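J.: Input: one structure, supplied below.
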Amino acid sequence: MKIIVCVKQVPDTSGKVAVKPDGTLDRASMLTIINPDDLNAVEAALKLKDETGCEVVVVTMGPPPAERMLRELIAMGADRGVLISGREFGGSDTFATSQIIAAGIQHMGLDKDDIVMCGRQAIDGDTAQVGPQIAEKLNLPQITYAGDIEVKGDGTVIVKRMLEDGFMNIKMKTPCLITCIKELNTPRYMSTYGIFGCYEKTVDVFDYNTLKDEPLIDPNTIGLQGSPTNILISFTPPLKGAGRILEGDDKERATELAHILEKKHVI
Ligand SMILES: Cc1cc2nc3c(=O)[nH]c(=O)nc-3n(C[C@H](O)[C@H](O)[C@H](O)COP(=O)(O)OP(=O)(O)OC[C@H]3O[C@@H](n4cnc5c(N)ncnc54)[C@H](O)[C@@H]3O)c2cc1C
């Protein structure tokens, strides 16, 4: 059994957010972090590794420096990494990104008890589309918003799927894809032993030539030219003005509020 965890390196939005003149994010000048939900997916996989001894493979599509993130995840306990990286993949939107990652997973091969895990959502693109799209492209059953995962050992998993006002327990056959939310667990830290050993483990690089014979790789469905969506503009919204607290009793405040809204032609 192996668990493939898809992990995205994202800009650290608590720092400076830089936008290029063409409106796209200037990722090179921003600090990066591991997408928070993806750490929960890695932790879920590592817990299953602790229980079953399965292999955990961390996969990212990104520029060459993303290898460092994979090493950090190996230091947490993952067994190996795969970096999907190539100029042909640049400019991909969610459709093309999922196409390429799905091809990478196909290249690794999925056995009947394997599981693919993703975070629910990346904090930069914020679409939550990539996980479900990978599942569709690999024809895998999927469960999103996992709050608990139990591997039954008979080719099935039971996933607690969290909803706004409750949850559903769903049984699903493997191989399958699960997207994870932060309520699932608390990610562990890298261990000292893991940090010392992380450069001895393998990080394979899948470039265009590695994946070009995979059926999902078609120059028309990857990279900028294969992306049906494009960012036209991105910007930081202006700060809102300070709020105003109305004084007086309920009637006075209601009258004043109605007066303000009337003046603004809201009512
Ligand atoms: C409308 C639109 C247009 C865009 N146009 C462009 C463009 O023209 N050029 C451009 O460069 N980018 C573009 N992007 C950004 C790009 O599509 C996303 O960065 C990328 O596809 C991932 O989508 P997301 O961030 O929404 O991830 P989500 O779908 O929110 O991520 C969910 C999960 O999928 C997995 N995942 C996502 N991305 C990766 C990855 N790279 N590696 C491994 N796992 C991953 C992670 O587990 C993650 O938690 C666009 C995005 C949008 C929404």
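The values are calculated or read from the model by the stated rules, or taken from the named source; none is laboratory data. Quantities reported herein were computed from a predicted structural model and do not represent experimental measurements. So basically every Cβ, Gly included, is an ideal-geometry build from the backbone, and we count neighbours across all protein chains shown. Keep in mind that these areas ignore ligands, DNA and RNA; they rest on the heavy atoms of the full protein, side chains included. Shrake-Rupley method; radii C 1.70, N 1.55, O 1.52, S 1.80 Å.
J.: Scan the stretch 37-58 and report the pairs whose first residue is closer than 15 Å to Asp114 by Cα and free of Cβ contacts under 8 Å to residues at least 40 places away in the same chain and whose second residue is hydroxyl-bearing (Ser, Thr, Tyr) and open to solvent by 10 Å² or more (accessible area, probe 1.4 Å), with Cβ atoms within less than 6 Å and a gap of 6+ or a chain change.
T.: From the stretch 37-58, no pairs qualify.
J.: Related question: Look at Ile231 and say whether it is among the β-branched types (Val, Ile, Thr), in contact with a strand residue (DSSP E or B) (Cβ under 9 Å, 6 or more places away or on another chain) and touching a residue at least 24 places away in the same chain (Cβ under 8 Å).
T.: Yes, satisfied.
J.: What strands (runs of 3 or more DSSP E) lie completely within the stretch 46-124 and have 2 or more residues being more than 8 Å from the ligand (Cβ to nearest atom), closer than 21 Å to Gly153 by Cα and touching an Asp or Glu at 6+ places or on another chain (Cβ under 8 Å)?
T.: 55-61
J.: Still on this structure, please answer the following. Hey, any hits in the stretch 28-36 for a residue that's at pLDDT 95 or above, within 10 Å of the ligand (Cβ to nearest atom) and in a helix (DSSP H, G or I)?
T.: Yes, that holds for at least one residue.
J.: So how many residues does the stretch 125-135 have that are in a helix (DSSP H, G or I) and without any contact (Cβ under 8 Å) to a residue 40 or more places away in the chain?
T.: Within the stretch 125-135, residues that are in a helix (DSSP H, G or I) and without any contact (Cβ under 8 Å) to a residue 40 or more places away in the chain number 1.
J.: Something else now. Can you say whether Ser92 is of a type in the set (S, T, N, Q), open to solvent by less than 10 Å² (accessible area, probe 1.4 Å) and closer than 23 Å to Gly223 by Cβ, as far as the supplied structure shows?
T.: No, not satisfied.
J.: Continuing with this model, one more query. Which condition does Gly131 not pass, out of (1) within 14 Å of Gly62 (Cβ to Cβ); (2) within 12 Å of the ligand (Cβ to nearest atom); (3) modelled with pLDDT of 95 or more; (4) of a type outside the set (S, T, N, Q), if it passes all the others?
T.: Exception for Gly131: condition (1).
J.: While we're on this one: For the stretch 95-118, which residues satisfy the criterion of being crowded, with 19+ Cβ neighbours inside 10 Å and polar (S, T, N, Q)?
T.: Thr97, Ser98, Gln99
J.: Moving to a separate point now. I want to confirm something. Restricting to the stretch 36-63 and keeping residues that are under 18 Å from the mean Cα position of the chain (by Cα) and farther than 15 Å from Asn185 by Cβ, which single residue is surrounded by the most Cβ atoms within 10 Å (Cβ to Cβ)?
T.: Val58
J.: Do we have Pro141 as within 12 Å of the ligand (Cβ to nearest atom), out of contact with any His (no Cβ under 7 Å at 6 or more places or on another chain) and in contact (Cβ under 8 Å) with a residue 12 or more places away in the chain here?
T.: Considered against the rule, which asks whether it is within 12 Å of the ligand (Cβ to nearest atom), out of contact with any His (no Cβ under 7 Å at 6 or more places or on another chain) and in contact (Cβ under 8 Å) with a residue 12 or more places away in the chain, Pro141 comes out as no.
J.: Follow-up. With the structure loaded, tell me whether Glu247 is touching a helix residue (DSSP H, G or I) at 6+ places or on another chain (Cβ under 9 Å) and under 22 Å from Asn139 (Cβ atoms) or whether it fails that test.
T.: No: the conditions fail for Glu247.
J.: If I ask for residues that are loosely packed, with under 10 Cβ neighbours inside 10 Å, assigned to a loop (DSSP other than H, G, I, E, B) and not hydrophobic (A, V, I, L, M, F, W, C), which ones from the stretch 195-237 would you list?
T.: Of everything in the stretch 195-237, those that are loosely packed, with under 10 Cβ neighbours inside 10 Å, assigned to a loop (DSSP other than H, G, I, E, B) and not hydrophobic (A, V, I, L, M, F, W, C) turn out to be Glu200, Asp213, Pro215, Pro228, Thr236, Pro237.
J.: Of the residues in the stretch 16-27, how many are more than 9 Å from the ligand (Cβ to nearest atom) and either open to solvent by 40 Å² or more (accessible area, probe 1.4 Å) or of a type in the set (Phe, Trp, Tyr) (or both)?
T.: The total comes to 7.
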